[in-house]
Amino acid sequence: MFGLLIILVLVLFLPFTVKTIEHNLEYFLFVMGILAAIVGGVLDVELFMHALEDPIKITLAVFIAGVLFKWFQTQLGNAINTISHKMPFPLFIALVVIGLGLLSSIITAIIAALVLVLIISNLSLQRRQEVLLTVISCFSIGLGAALTPIGEPLSTIVVSKMNENFFYLIDLVGPFIIPGVILLGIFAAFAVKRREGAGLQSTGESESYKEIFVRAVKIYLFVFGLTMLGAGFEPLINAYLLDLSPRILYWVNIISAVLDNATLAAAEISPVMSQSTIEAILMGLLISGGMLIPGNIPNIISAGKLNITSKEWARVGLPFGMVIMVVYFVILLISGL
């Protein structure tokens with residue numbers, strides 16, 4: 001048990017404190033996942049085969065969507081530019097936030113973030129307005145991508161650990177997430193103003209096939225490692241988390257603002273937990289993941305390509321995320337948390 005605690009501390013804090021590990025998180029978690037499975041005494045042929053199979057669907061989705069995005073990036077950019085000027089601006093913004101949020105569960109959170117960068121780059125708004133739109137959209141993508149196991153690593157891991165089908169998360173948290181994504185779109189329609197100016201400029205050119213392939217490989221290793229990590233941490237979960245109140249777990253997961261939420265999901269969720277506990281864990285992870293740049297994949301991609309600083313993101317993400325956390329906590333209480 002002590003060995004698992006050491007691995008847990010390393011997994012949670014080294015990516016946040018060591019730049020080399022932060023930039024190579026997939027390889028780090030791949031190694032740490034195998035170590036956790038060995039130390040936890042759960043590494044066998046069945047787990048190994050399970051870990052090999054789990055990442056296949058999301059890896060293929062990321063690769064295929066990445067290639068399609070490369071092929072049609074120019075046409076998509078032209079269409080965005082045309083539609084944004086012919087459609088009422090508030091309606092366009094609402095459709096961007098809602099559309100990317102819901103589609104992210106199909107095209108993956110990574111591709112949704114790349115499309116968002118393309119949209120932002122074609123709007124030419126004032127920087128503050130574009131930062132606001134980026135942060136709101138990433139909250140939406142982070143929520144929506146969790147609806148299917150191909151949307152993001154977190155959802156892949158949860159479905160795998162619970163040994164459930166493709167529609168498990170839609171049934172479990174869809175009633176919380178889908179209205180939330182729609183409300184985020186409506187809010188953005190009123191909050192984001194069409195004030196032209198020197199906005200954010202994307203630094204990313206069209207990705208090469210090598211970059212697309214490497215990203216898919218990294219996703220495969222990432223999910224493989226998380227599968228091993230989740231299995232290895234089962235003794236810790238059973239010893240320390242099963243008896244905790246879902247209300248406590250909801251607020252504890254605010255640390256997802258600075259730590260990868262898929263890693264936390266792998267470390268926290270167990271098949272023996274109640275539905276309300278899993279709902280609380282997931283919603284806490286998904287919402288707080290949008291507060292700061294390190295919390296979620298779409299944040300990292302968007303901020304990196306648009307040169308959004310941590311301070312700019314936090315100025316919007318922290319207060320906005322805290323309001324959403326409180327609202328969802330009340331909703332969860334009403335629903336029987």
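In whole percents, the pair-distance distribution calculated for the stretch 1-40 from its alpha-carbon pairs, binned every 5 Å from zero, is 6, 26, 33, 21, 12, 3.
Heavy atoms of the protein chains alone define the surface here; on that basis the chain has 43 Å² accessible area per residue at 1.4 Å probe size. Taking Cα atoms only, the orientation of helix 127-144 departs from the longest principal axis of the chain by about 40 degrees. Sequence-ordered 3J(HN,Hα) estimates for the stretch 277-292 from the Karplus curve with 6.51, -1.76 and 1.60 and θ = phi - 60° stand at 5, 5, 4, 5, 4, 5, 5, x, 5, 5, 6, 5, x, x, 5, 10 Hz, glycine and proline given as x.
Accessible area per residue was computed with a 1.4 Å probe on protein heavy atoms; M49 scores about 90 Å². Angle of helix 56-86 to the longest C-alpha principal axis of the chain, folded into 0 to 90 degrees and rounded to 10: 20°.
Taking N as the residue count of the stretch 112-167, its C-alpha radius of gyration divided by 2.2 N^0.38 Å amounts to 1.45.
For the chain, with all protein chains in place and a probe radius of 1.4 Å, 69% of the accessible heavy-atom surface sits on carbon or sulfur.
Once Rh for the stretch 231-337 is found with the Kirkwood sum over Cα pairs, what is the Stokes-Einstein diffusion coefficient at 37 °C and 0.692 mPa s, in µm²/s? Here the translational diffusion coefficient equals 229 µm²/s. Normalising the Debye intensity of the stretch 1-121 to I(0), with uniform scatterers on Cα atoms only, and taking log10 at q = 0.13, 0.18, 0.21, 0.22 Å⁻¹ returns -0.75, -1.01, -1.16, -1.21. Ordered from highest to lowest accessible area with the whole protein assembly present and a 1.4 Å probe, L4, L91 read as L91, L4.
Projecting label points 7 angstrom from Cα along Cα→Cβ for S335 and I64 puts them 3.0 nm apart. By a 1.4 Å probe calculation restricted to protein chains, E279 has an accessible surface near 20 Å², given to the nearest 10. Accessible area of D54 (1.4 Å probe, protein heavy atoms only, ligands and nucleic acids ignored): about 30 Å². Between the alpha-carbon centres of the stretch 1-79 and the stretch 123-186 there is a gap of 19 Å. Computed extension length for R127-F167: 10.6 nm, one decimal, from 0.36 nm per residue of separation with the Cα-Cα distance subtracted. Counting every pair of alpha carbons in the stretch 93-139, the share spaced more than 17 Å apart comes to 23 percent. The three principal axes of the Cα atoms in the stretch 101-195 give end-to-end lengths of 48, 23, 14 Å, sorted in falling order. With every protein chain in place and a 1.4 angstrom probe, the accessible-area ranking of W71, W251, W313, largest first, reads W71, W251, W313.
When the listed pairs K86/K311; K57/K193; K57/K311; K57/K305 are checked against a 31 Å cut-off, the alpha-carbon distance exceeds it for K86/K311; K57/K193; K57/K311. Which shape class, rounded, prolate or oblate, goes with the chain when its Cα gyration tensor gives a ≥ b ≥ c as root eigenvalues, a/c under 1.5 marks rounded, and past that a/b bigger than b/c marks prolate? Judged from the Cα gyration tensor, the chain comes out prolate (a/c at least 1.5, a/b above b/c). For the chain, adding -39500 (n - 2.57) for each run of n ≥ 4 DSSP H residues and dividing by the number of residues yields -24000 deg cm²/dmol at 222 nm.
In degrees from 0 to 90, rounded to the nearest 10, what is the angle of the helix 2-17 Cα long axis to the longest principal axis of the chain? Roughly 20 degrees, rounded to the nearest 10.
The values are calculated or read from the model by the stated rules, or taken from the named source; none is laboratory data. Predicted model only: the values in this text are computed from it and were never measured. Positions of Cβ are generated from backbone atoms using ideal geometry, with glycine treated the same way; all protein chains shown enter the neighbour counts. Protein only, heavy atoms only, side chains kept; ligands, DNA and RNA dropped before computing areas. Shrake-Rupley method; radii C 1.70, N 1.55, O 1.52, S 1.80 Å.
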